[in-house]
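Presented below is the structure to which this report refers.
A short reminder: the numbers here are calculations on the coordinates, not readings from a lab. Please read these numbers as outputs of a predicted model, since none were measured by experiment. Note: ideal-geometry Cβ built from the backbone for every residue, glycine included; neighbour counts use all protein chains shown.
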Amino acid sequence: MIRVDTTSFVPIYEQIKTEIVRLVAAGVLKPDAPLPSIRDLATEILVNPNTVARAYRELEREGLISTRQGSGSFVSADARADVDEERKAHLGRIFDASIAEAGTFGLGPEDILKLFKERLRVAGGGGRKGGRHE
Amino acid sequence: MYRALFFKEWKDKLSLWAFGAGLLVFALLAAAGWPGAKDHRDLVAGVILVLYFPAMGLLLGASAFEAEFRNDAWAYLLSRPVGKGGVWTVKYLALLSMLAALWLVFAGFMGTVPGLRAIVQGLRLPVAFRAEISFLPWSLLLSLLFFTAGFSLSFLSRKGSTVLFAALLAGLALAFVAYGEATVVLGFLRDEWFDEAQWLHAFRWGLAFMGAALAAASILTFVRADFSQPRKKAAAFAKHAVPLLVAAVLITAVWTALLPRAGQMSISLSRGAGGEAYIDAFPGGLYVYEPARDKVRRIAPSGFLNWLTGLSSSSFNAGKKILFSKIERGKSPYGAVNLWIMDADGSDKRRLLGAGLPPADPRSRLSASSYVLSRDTGRIAFLDEEARDKPVKGRPPLWSMNADGTGLVNHPLDSAVFENRKEYRLFLLPWTAAGDGILLCQWSSDSAKPSKMWLADLKSGKFRILLESFGLGWAIAPSPDGRWLAVAMKTMEGSVPHLAVAIIDLNTLEIRRIDVPGERNISRPRWNPDSGRLAFFVRRESPKGSGAYVLTVVSVPDGKILSAKEMTAVESTGDLYGLDWLRDGNRLVFSDPRGDRCLKILASDLGEEKRIPFPVTPSGAQTPFAIMTSGDTVLAVDTNANRLWRLDLRTERWKKIY
Amino acid sequence: MSELLRIERLSKNFGRRSVLRDFHLTIESGRVYGLLGRSGEGKTTLARILMGVIPADGGTIHYKSRRITFGASDYKREFGYVPEDPFFYDGLTVRGLLALNARFYPRWDAKRAAADLERFGLEPKAKIATLSRGTKLKLELVAALAAAPELLILDDPTSGLDVPTRRDFLRDIIRELAASGTTILFATHLVHELERVVERLLILHGGCLILDEDFDAVKGRHQASLEDIFTSLVSGDGK
């Protein structure tokens, strides 16, 4: 689930943080869901456990996860809210970029909307219901 | 963890050990069971000791680090939390135990297979008088030395052949150095009689010190050097080995130089003409026993009396002068025998013959193999050692001179005296009373030929035979008063042997025979203090085959046998040196070290009067207790320990006095 | 983080070639140190000197503030060592080797060793001589870890092995790290494994360290992959 790219210039702990955030935002990791232990995650993705520990620590400081002594780390109950904000901002950025791009092709807002609805219909078969996979 | 390392060594080298053990067992079986010639068995046993064990030692030692060189396992071992010194030591001990195990196999065979022990113990190399190389202990030492050499070098190279070769060279080189050192130190630095037994001792210690130096260099290098760099290892080893070996050489030299002077090689007793007991300790010196002080006093250093003649009292005269020979440095490695004279109390020593005299003096080139003082101590007769056995052109062996060295005369010798000189030995007997003739014994070493006693008339130069007898030699005794010479004789009439004691009157040269019943021989006769009686053992044939020994006492003036008693064979082993008269001239004392282990006092009828046990239990092959009476004491020599004991006849107590 | 190992002015020459020269390094406990260096430039030498296999020519080493000399051996009880080439006695079996090794370490955990053997699929009765290189590596790790070392020195053990084996090895290291927080000195010339685990980056060149910094900081500053960083620094035209 979590992937890190060692060739990237982004420090690994940042990448882990980003991945976890992404998973929470996508709803894959629900609030109060347990996170893999540092050991398990480190072993799975083959990174230094200290690195995982650092990512977890910072996420905890940012309030996204919380650690209960003896039980491990969990997604915070109110993680979603923060994540929602984050997600909105993130998706907003993506939409802004698409709109700008469409504008360069000479599409106006109504054309963009029509195109968007058509794409939604095509994509409607897969998605949330967990139907066909591409 | 050391235990684990120890057993690991065994596991690693087990195949090598098994091979060696198999070879050994095979060879031992061959040595024990080879049918036929004993020489073959001796050869196999000898090869085992001389070749196999040192070679196995070398192999085991050289293989020490073989497993570590494979796969770089040395890096594994050295990265473990274990001291390098400990690693070296455990390996050494483990491999040594493997060598010891082979020796145990050998010992097991020696202990159980009959005959094998006899063969092994018989493997000896006589080097000199009382010094011999016994193969077994030397094999032990050499196997240990080569093992140590192999082990010490084994971590220096991964190539086994290199290590073997280098270790073999090292072992041989060290042996050579030790050999040279023993010779140099003992032969040159210590100015004394070269004792082979001591030399062997020094050589052994030299080997041990060198081996230890090599091992020390090895462990020091191993602990400090970089194992991964062969050249540096070798250089470090050399750097350690050289000073250590030099130290070993020095220590050996000091050790050898400080070795206690060789113990007495022999102690013998002689009676002086005045009846005193002289103790000849070689190489300690000449001592006289002083009964008043109950002590021995040294009167001359490193001298020995001419024991070949068995006539010690020919060197003495009326207690006034003593003629003696002293071994000094000379041409032969055994030294030169030089003649000296001194007063009976040891003072006024003068050199009479030998290299210490001025080279212009002809006496400086002479040495005496046999020498006699005349009765009045005025003249000396001697046989020149060089010419004794073969004639030197223009220089017959018989000489005489005054007791102060002047008046040297070379006497021509009857050629008949020299006939068949390979079979005869010459030695001198007492002067005639008048001082104009000398008795000379031509002793035959061939028991089939008789020995001859000649009278040499020094004035006329004529020789005549006084006596002929088989076995003339030891059995000659001059009387205490100097007048008579008793000679044990054996003549053959046809095939029948006859024994007798001849009494020669040194004044008139008349000879009287006292016939003695017996067939084999008569031992050295002993005169009693008043020169009236003789005691001796007669060996007779007996149905038992080994012969019977009869102690016989004869009265000289009337030539009658006073008493005779058959002794046991064991008792009569004292016939040479174990019999003497007590001061009363009546009773005898003789020593029985093997049988009843005591001194036995015999009455005039030879009945046993008393027994006095010895202070120590003698053992060994040599005649254990030679005795001589002196006043009311009996002096006894323990020839195995080379100690002199004194028995006080009144208190019957022994005391060690030398 | 306490100072575990302090190396100062270490030097080592082989003949005229000076492999280590004025080498300084301080290792703090609990961290993973990656030592990058080209082949033959001193990584193995350093590891061997630390393990007391060969002596240094100069310099000092302190472990837990105690001076370590060539002759010292007790400190090695707390060191684990996986060498570049497997160096076990080839006459032993797997079980035999572990039994021998156990005798050196008071903290040896036989149960753990047995469990690790099983996990790696190592046959105890197998003869070491018959094992493949990768299997030997696993055995090396088992032997090193069962002694619960404080410092684990890995001297380029995975070079020459295939990727899956290297991955397995890395996984085991990470497990060990997660379980015990062992300090690791990971010397290698293969950068890819290192990138995932290294916290402090060391680059050995010309006999001493030309870099001794936290990996994240280095990466952030250079904005390049470790491979590129290494290449550029070692080739001489680094920033």
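General remarks:
- With the alpha-carbon atoms of the range A:80-122 aligned to their principal axes, the span from lowest to highest coordinate is 36, 23, 13 Å, starting with the largest.
- With R₀ set to 45 Å, the beta-carbon distance separating B:Arg224 from C:Ser132 gives a calculated FRET efficiency near 0.75.
- Reference-scaled alpha-carbon Rg (2.2 N^0.38 Å with N residues) for chain C: 1.00
- Cα-Cα pairs of the range B:2-258 separated by more than 32 Å (percent): 29 percent
- The range B:68-115: mean projected area of Cα convex hull, nm²: 4.6 nm²
- Charge dipole of the protein assembly as shown (Cα centre as origin; +1 on each Lys and Arg Cβ, -1 on each Asp and Glu Cβ, all else neutral): 1180 debye, rounded to the nearest 20.
- Kirkwood Rh and Cα Rg combined as Rg/Rh, chain A: 1.07
- Amide H partners (placed H, <5 Å) of B:Ser542, local residues excluded: B:Gly547, B:Ala548
- Euclidean distance between Cα centres, the range C:1-74 to the range C:199-216, Å: 14 Å
- Look at the stretch C:70-80: the mean tally of other chain Cβ atoms within 10 Å of its residues' Cβ atoms is 4.
- For the range C:177-217, alpha-carbon Rg over 2.2 N^0.38 Å: 1.25
- Relative intensity, log₁₀ I(q)/I(0), of the range A:12-77 from a Debye sum that treats every alpha carbon as a point, q = 0.12, 0.25, 0.30 Å⁻¹: -0.25, -1.17, -1.55
- Each helix, a run of at least 4 DSSP H residues, gives -39500 (n - 2.57); summed and divided by the residues of the protein assembly as shown, these come to -11500 deg cm²/dmol at 222 nm.
- Among B:Val487, B:Val242, sorting on how many other beta-carbon atoms sit within 10 Å of each Cβ, with the fewest leading, yields B:Val242, B:Val487.
- Loop-located trypsin sites (Lys or Arg not before Pro) in the range A:1-86, at most 11 other Cβ atoms within 10 Å (DSSP): A:Arg3
- The Cα center of the range A:25-71 and the Cα center of the range B:629-658 differ in position by 105 Å.
- For the range C:1-134, the spread of Cα positions along each principal axis, largest first, Å: 46, 34, 27
- Exposure proxy for C:Lys138, B:Lys349: other Cβ atoms within 10 Å of each Cβ, ordered fewest to most, give B:Lys349, C:Lys138.
- Enclosing the Cα atoms of the protein assembly as shown in their convex hull gives a volume equal to 265 cubic angstrom per residue.
- Taking 7 Å steps out from each Cα toward its Cβ at A:Arg39 and A:Arg3 produces label points 2.8 nm apart.
- When both the range B:430-503 and the range C:111-187 are represented by their alpha-carbon centers, they are found 101 Å apart.
- Relative to the 2.2 N^0.38 Å rule of thumb, the range B:475-566 has a C-alpha radius of gyration ratio of 1.07.
- Fewest-first sequence of B:Val25, C:Val53 by Cβ atoms within 10 Å of each Cβ: B:Val25, C:Val53
- Projected over all directions and averaged, the alpha-carbon convex hull of the range C:32-83 occupies 4.3 nm².
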